[in-house]
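Here the structure is laid out as structure tokens; the discussion comes afterwards.
The values are calculated or read from the model by the stated rules, or taken from the named source; none is laboratory data. Model, not experiment: these values are computed from the prediction. Cβ: placed from backbone, ideal geometry, glycine included. Neighbour counts: every protein chain shown.
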Amino acid sequence: MNIPVLVTMVMTLLILGATLIALPSLSRPTVPLGVSVPSTRADDPVVRAALARYRITIGLLMVIALTGALATLQWPLALAWWALGLLAAGMATFVVCRRPIQRAKAEQDWYAGLTVRLVAPLSPVEPAPVSWLLHLLALGLTLLSALVVTVAFPSLPDPLPTHYGADGVPNAWEPKSLATALLVPAVAVASTVLLATLAAVLARRIDPQPGDGHPGVAKSVRDDQRHLLQRTLGLTNLASAALLGFAAVVPVLNLAPSALSVLVWGGTALTVIPGVWLILRTARLQRDARRAPSGSGPESPDDDRLWIGGLFYYNPSDPSFTVPKRAGVGYDLNLGHPAGMAFLVGSALLVLGLVVAPFIFR
Amino acid sequence: MDIAIDPLSPIPLYQQIRDRIVESIGRGELRHGDPLVSVRQLAGAFGINPATVAKAYDQLRVEGLVAANAKSGTFVASDRDTGVPSAAFLADFEGRLGVLLGEGRARGMTATALREACGLALSALSSPSHPLTPEEPS
């Protein structure tokens with residue numbers, strides 16, 4: 001077990017745990033642990049206690065997972081199991097810790113006498129500004145890598161190394177051909193275009209607008225989030241283009257294995273940065289929303305019945321395939337939509353396949 | 001331009017959507033030719049069945065307040081500057097107003113109180129109110 005792998009492993013578990021702990025800070029103040037509450041109750045003692053209990057439990061689970069992963073270092077696959085275990089235990093903690101809030105809401109009838117409204121735009125909404133400059137830079141980097149490989153093709157070794165171990169030493173080769181040499185640059189270009197397309201599609205979404213007792217604040221948070229998401233997608237595209245573009249020109253550079261190893265692991269860490277940045281900025285947005293003076297506008301309706309465990313959206317009436325996440329940043333599937341269910345089953349099978357395959361084909 | 005509907009109200013959602021759009025045109029916030037979002041987009045943003053939104057749009061189309069074509073989707077077809085409405089509409093409108101005023105009288109409102117209520121409703125039409133602030137707590 002070498003140092004980069006160890007660092008990656010610890011980082012993975014730390015980021016996963018930190019994200020779980022941060023989850024309530026990334027959500028609207030009116031859905032603590034995925035329970036709808038009126039804005040006047042967002043700071044209720046019951047809510048505070050439930051959030052504290054959730055955060056402490058996740059912290060403990062994180063320590064257990066890290067200790068466990070370090071104790072089982074000799075099995076390379078153990079990390080995946082510890083990470084999956086931490087995720088599953090985190091979700092269970094979420095579901096258990098939200099119960100007191102649900103109980104208090106039902107017993108004290110928190111919504112009694114309050115005005116609730118569903119709000120939506122009637123006029124077409126301006127699409128969010130796509131970070132085209134970042135996407136173009138990313139595309140430029142990957143195209144440049146393809147050009148470098150094409151120009152340097154005559155001087156490339158035969159057979160061509162196509163795969164490297166974690167220590168930077170090649171461990172798979174293919175007979176040299178233009179198709180083999182250009183495979184990685186082609187994947188890099190395709191993934192860049194795909195990510196830019198995804199950004200353009202997301203920019204055109206029209207999302208529900210929460211009232212949250214203060215429609216003006218809720219709306220400006222939602223708008224800022226749309227901008228943040230676009231910037232993050234642009235930065236992610238640039239970081240992943242840099243990494244993939246670099247991977248594409250590795251056979252040309254002929255680096256020492258140790259230098260290659262450091263560069264690839266460093267580059268991988270780089271691609272995590274935009275995501276971390278998004279999480280930090282979102283937490284700040286929601287903190288500002290919490291601190292805004294309380295409004296007297298309509299509340300968002302209590303839609304707990306549409307969210308299974310506060311985590312999974314199931315609404316067959318809703319024509320949307322995805323909806324803004326209730327806890328965290330980004331979008332969730334609508335499991336009541338045929339495409340949403342198909343997507344969930346597909347990805348579950350994929351993850352299961354990736355975890356089980358090594359046991360079958362060894 | 002946003003609209004707000006009350007999911008707990010006994011008034012059907014399609015009726016609320018239709019009424020809110022009529023009010024927006026009446027206040028002058030929507031003008032002749034202004035586009036409306038598609039049925040699917042509005043249903044998605046509310047998280048409700050598209051058939052509900054389609055029913056509201058259909059009713060507005062039959063009433064001639066909106067129109068639709070393949071190129072520009074649904075748009076506002078009648079506004080404050082459209083001119084004198086048809087005799088058929090006037091007769092129908094006066095009939096509905098008569099019922100409403102009669103209901104007020106039947107509930108004990110005096111003629112003065114009715115006039116006052118009409119004046120308030122009219123002035124609300126000339127001062128564009130934000131749709132997110134409810135007129136009165138229900």
Legend entry - Looking only at the stretch A:288-324, and only at residues there that are modelled with pLDDT of 90 or more and more than 14 Å from every other protein chain (Cβ to nearest Cβ), the one that is nearest to the chain's Cα centre (by Cα): A:F312
Inset, instruction - For the stretch A:27-49, enumerate the residues that are among the hydrophobic types (A, V, I, L, M, F, W, C) and in a helix (DSSP H, G or I). - result: A:L33, A:V46, A:V47, A:A49
Legend entry - Test: residue in the stretch B:5-26 that is part of a helix (DSSP H, G or I), more than 12 Å from the chain's Cα centre (by Cα), at the interface with chain A (Cβ under 10 Å from one of its Cβ atoms) and not aromatic (F, W, Y): yes
Inset, instruction - Could you name every one of the helices (runs of 4 or more DSSP H) located completely within the stretch B:37-122 that has at least 1 residues being in contact with a strand residue (DSSP E or B) (Cβ under 8 Å, 6 or more places away or on another chain), away from chain A (no Cβ under 11 Å) and more than 30 Å from A:S320 (Cα to Cα)? - result: none
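Suppose the filter is under 23 Å from B:A45 (Cβ atoms) and within 14 Å of chain B (Cβ to nearest Cβ); does A:P338 pass it? It would help to see each step written out before you state the result.
Working: under 23 Å from B:A45 (Cβ atoms): yes; within 14 Å of chain B (Cβ to nearest Cβ): no.
For A:P338, the condition - under 23 Å from B:A45 (Cβ atoms) and within 14 Å of chain B (Cβ to nearest Cβ) - is not met.
Being acidic (D, E), out of contact with any His (no Cβ under 9 Å at 6 or more places or on another chain) and closer than 18 Å to A:L280 by Cα is true for just one of A:D223, A:D212, A:D207. Which residue is that?
Numbers: A:D212 fails: closer than 18 Å to A:L280 by Cα; A:D207 fails: closer than 18 Å to A:L280 by Cα.
Of A:D223, A:D212, A:D207, the one residue that is acidic (D, E), out of contact with any His (no Cβ under 9 Å at 6 or more places or on another chain) and closer than 18 Å to A:L280 by Cα is A:D223.
Going residue by residue through the stretch B:16-29, is there one that turns out to be at positive phi, surrounded by fewer than 19 Cβ atoms within 10 Å (Cβ to Cβ) and not basic (K, R)?
The initial filter retains those residues of the stretch B:16-29 that are at positive phi, namely B:28.
From what is left, the residues that are surrounded by fewer than 19 Cβ atoms within 10 Å (Cβ to Cβ) are B:28.
This time we only want the ones that are not basic (K, R), so: B:28.
The answer is yes, given that some residue of the stretch B:16-29 is at positive phi, surrounded by fewer than 19 Cβ atoms within 10 Å (Cβ to Cβ) and not basic (K, R).
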Legend entry - Number of positions in the stretch A:50-94 that are more than 24 Å from the chain's Cα centre (by Cα), more than 20 Å from A:L311 (Cβ to Cβ) and assigned to a helix (DSSP H, G or I): 4
Inset, instruction - Within the stretch B:1-35, count every residue that is touching a Leu at 6+ places or on another chain (Cβ under 7 Å) and under 17 Å from A:P208 (Cβ atoms). - result: 6
Inset, instruction - Kindly check whether there is at least one residue in the stretch A:179-191 that is closer than 20 Å to A:S320 by Cα and either touching a Cys at 6+ places or on another chain (Cβ under 8 Å) or in a helix (DSSP H, G or I) (or both). - result: no
Inset, instruction - Tell me, please, whether a residue that is within 31 Å of the chain's Cα centre (by Cα), touching a residue at least 24 places away in the same chain (Cβ under 8 Å), farther than 21 Å from A:G245 by Cβ and more than 14 Å from every other protein chain (Cβ to nearest Cβ) can be found in the stretch A:173-195. - result: no
Legend entry - Residue ID - modelled with the highest pLDDT, chosen from residues in the stretch A:251-268 that are surrounded by 15 or more Cβ atoms within 10 Å (Cβ to Cβ) and small (G, A, S): A:G267
Legend entry - Unique residue being surrounded by fewer than 21 Cβ atoms within 10 Å (Cβ to Cβ), closer than 26 Å to A:G297 by Cβ and touching a residue at least 24 places away in the same chain (Cβ under 8 Å) when the list is A:S36, A:S25: A:S25
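Could you say which residue among A:A50, A:A80, A:A69, A:A89 is within 15 Å of A:P24 (Cα to Cα) and either in contact (Cβ under 8 Å) with a residue 24 or more places away in the chain or β-branched (V, I, T) (or both)? Spell out the reasoning first.
Working: A:A80 fails: within 15 Å of A:P24 (Cα to Cα); A:A69 fails: within 15 Å of A:P24 (Cα to Cα); A:A89 fails: within 15 Å of A:P24 (Cα to Cα).
Exactly one residue qualifies, and that residue is A:A50.
Filter the stretch A:215-250 down to residues that are charged (D, E, K, R) and more than 14 Å from chain B (Cβ to nearest Cβ) and give me whichever is surrounded by the most Cβ atoms within 10 Å (Cβ to Cβ). Break it down stepwise before answering.
Start the filter on the stretch A:215-250 by keeping residues that are charged (D, E, K, R), which leaves A:219, A:222-224, A:226, A:231.
Add one more test, that the residue is more than 14 Å from chain B (Cβ to nearest Cβ), and what stays is A:224, A:231.
Details: A:D224: 16, A:R231: 19.
The qualifying residue surrounded by the most Cβ atoms within 10 Å (Cβ to Cβ) is A:R231.
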